[in-house]
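Single-structure report; data block below.
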Amino acid sequence: MSTPHGTSNPSGEAAQRHLQASAHRHLWLHFTRMSSYAEGDMPVIVRGSGQYVYDDRGKRYLDGLSGLFVSQIGHGRREVAEAGARQASELAYFPLWSYAHPRAIELAERLAALAPGHLNRAFFTTSGSEAVESAWKLAKQYFKTIGQPSRYKVLSREIAYHGTSMGALAITGLPGIKEPFEPMVPGGVRVPNTNFYRAPDFVADDREAFGRWAADEIGRAIEREGPDSVAAVFLEPVQNSGGCFPPPPGYFARVREICDKYGVLLVSDEVICAFGRLGYYFGSQRYGYQPDIITFAKGVTSGYSPLGGMMVSDALMEPFGGGDAAGRGYLSPRHAGHPEGAGPSGTATFLHGVTFAGHPVSAAVALANLDVFEKEDLLGNVRANEGAFRATLEKLNDLPIVGDVRGDGYFYGIELVKDKATRETFNDEESEWLLRGFLSPALFEAGLVCRADDRGDPVIQLAPPLTCTQEHFDEMEQILRAVLTEAWSQI
Ligand SMILES: Cc1ncc(COP(=O)(O)O)c(C=O)c1O
């Protein structure tokens, strides 16, 4: 039996030691300096319930990051687990290569109804990286098919994370995680992100002017690269990496205009921002823009089984034989004039697929997950409580180490600074100590799962389950306050 912060020992010390020894010998953790565990134990999380997870010693942690931006409905939902088990007994696996199965069909229809505009076609994958990879490949093949074969480049923002497979990595804007894998797939081009706290001086006082400038930089990059070479722009509704950068007012409206002007596709990478993270099924709905493709993963199943995918507009599907002849969907003016782009449905085949995409168990789980969203009005919960979440986190502004609290919905970043007045950030050595040496272990020790990250400037990120309410916001704030105060005293 376990108590909230107790140390009961459900699996016994011998079992724990055995697990640790096996993990040290055989398991390779992702993005983890394995040598840092040479002398110590790896955290082993054994179960979850609601907004909390428990380690192998029975200690409880508030899951302030939904695992990894995944567990929207929280942990331990029997009805979702059972939906997966039922599906596994009925039809555990069949591919979506040339065949369909009922759960994939039902999920595709349900997602089409939830997605904005004419994004009526679901192409499933198993992960976010594969979704991003698929979107780039679709953009390239689409343009070849409609007679614009020179378009292959993709624009994305500095410090943005779009995944780790080689194509997605070329879109990712984090030099540090790309360097070991150079040369990159050609075609990735960077544009500025929307970190208003670090905006250039000439737009530092005016969010709208900043948004206009950042969006126009996309237009300038397209001109510089040659408009006929650019296929797509990949943007998250709120950029995660760097610490939750919401779009400035007018940003996405202007980006949409620019994409239309140059016939470039707008891909909204919603691997984090879909499925309620921002209080809407899709993040683009919150900011009122219409993408040509939405990529998703994570929250679509709340992690009860892996699934990703992309929602594709009828217009993009047209050369592949599935356009909506009646509505035709959103078609950028540039493509609308093209005889093939606007013509009758084509016969091309999208030459792309992965074995486990749209796995029947994952599709069944996704449907059950969406049932929970509806039954419990989780979008309503986020919209009703996001103001309280923000206000609670903003209390931390009185700490000298807190420079900026930013985000939307249930998705927040807290930027840490050395000097609040000048916004001076920490150097690499200080940042290494602060984040990896102190904050990450101390926050975990204090019972909070969150992310302390310095892929941009140092930040702490929070993305709790969508079921959280004031008591959980208070718990996060209290733990952060105590640990950040201690960190400041040691700097
Ligand atoms: C915006 C975005 N795109 C793509 C990915 C890659 O997803 P995955 O880790 O499922 O491959 C992530 C992962 O966090 C992400 O945040």
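Brief remarks on what is shown
- In this structure, the amide hydrogen of Leu416, modeled 1.01 Å from its nitrogen in the peptide plane, lies closer than 5 angstrom to those of Gly403, Val459, Ile460, counting only residues at least 5 positions away or on a different chain.
- At a probe radius of 1.4 angstrom, the accessible area of the chain per residue rounds to 41 square angstrom.
- Mean separation of Cα contacts under 8 Å, 6 or more apart, over the residue count of region 380-491: relative contact order %: 29
- Converting phi to 3J(HN,Hα) with the Karplus coefficients 6.51, -1.76 and 1.60 and the offset θ = phi - 60°, region 371-377 yields 4, 5, 3, 5, 4, 9, 6 Hz in sequence order, with x at every glycine or proline.
- Magnitude of the charge dipole, the chain, Cβ model with Lys/Arg +1 and Asp/Glu -1, debye to 20: 920
- Ranked by how many other beta carbons lie within 10 Å on average, peptides 305-314, 187-196, 99-108 from highest: 305-314, 187-196, 99-108
- Each residue of region 216-232 was assigned a 3J(HN,Hα) from its phi angle through the Karplus curve 6.51 cos²θ - 1.76 cosθ + 1.60 (θ = phi - 60°); the sequence is 5, 4, 5, x, 5, 5, 5, 4, 5, 6, x, x, 7, 9, 9, 9, 7 Hz, with glycine and proline shown as x.
- Here's the picture: charge each Lys and Arg Cβ at +1 and each Asp and Glu Cβ at -1 in the chain, and of Ala482, Gly40, Ser362 the one pushed furthest to the positive end of that dipole is Ser362.
- Part-to-part distance (alpha-carbon centres) for region 193-247 and region 47-74, which is given in Å: 34
- Converting phi to 3J(HN,Hα) with the Karplus coefficients 6.51, -1.76 and 1.60 and the offset θ = phi - 60°, region 299-309 yields x, 4, 10, 6, x, 6, 5, x, 7, x, x Hz in sequence order, with x at every glycine or proline.
- Scaling against 2.2 N^0.38 Å puts the C-alpha radius of gyration of the chain at 0.98.
- Inter-label distance, Glu376 to Lys395: 2.4 nm, where each label sits 7 Å from its Cα along the C-beta direction.
- 0 to 90° range, to nearest 10: angle between helix 378-394 axis and the chain longest Cα axis: 50
- Point-to-point label distance, Ser165-Ala85, nm (Cα→Cβ direction, 7 Å offset): 3.2
- Solvent-accessible area of region 83-126 (1.4 angstrom probe, protein heavy atoms only): carbon and sulfur portion equals 59 percent.
- Once the Cα-Cα distance is subtracted from the 0.36 nm per residue extended length, the Gln478 to Ala421 segment shows a gain of 18.1 nm.
- Portion, in percent, of the accessible area of region 212-299 that falls on carbon or sulfur, probe 1.4 Å: 49
- Interchain or long-range residues, amide H under 5 Å from Leu265's placed H: Ala232, Val233
- Accessible area of region 381-491 belonging to carbon and sulfur atoms, whole % at 1.4 Å probe: 48
- Between Thr469 and Met184, the modelled label-to-label distance comes to 4.6 nm, taking each label 7 Å out from Cα in the direction of the beta carbon.
- Taking all protein chains together and rolling a 1.4 Å probe, Phe181 ends up with roughly 110 Å² accessible.
- Burial order of peptide ranges 316-322, 118-124 (average beta-carbon count within 10 Å, highest first): 118-124, 316-322
- Degrees between helix 470-490 axis and first principal axis of the chain (Cα, 0 to 90, nearest 10): 70
- Across Lys261/Lys298; Lys140/Lys375; Lys137/Lys298; Lys375/Lys395; Lys140/Lys178; Lys178/Lys395, pairs whose alpha-carbon gap is larger than 28 Å: Lys261/Lys298; Lys140/Lys375; Lys375/Lys395; Lys178/Lys395
- With the helix formula -39500 (n - 2.57) applied to DSSP H stretches of n ≥ 4, the chain reaches a computed 222 nm mean residue ellipticity of -11000 deg cm²/dmol.
The values are calculated or read from the model by the stated rules, or taken from the named source; none is laboratory data. Keep in mind that what you see is a predicted model, and the values were worked out from it rather than measured. Note: ideal-geometry Cβ built from the backbone for every residue, glycine included; neighbour counts use all protein chains shown. Protein only, heavy atoms only, side chains kept; ligands, DNA and RNA dropped before computing areas. Shrake-Rupley method; radii C 1.70, N 1.55, O 1.52, S 1.80 Å.
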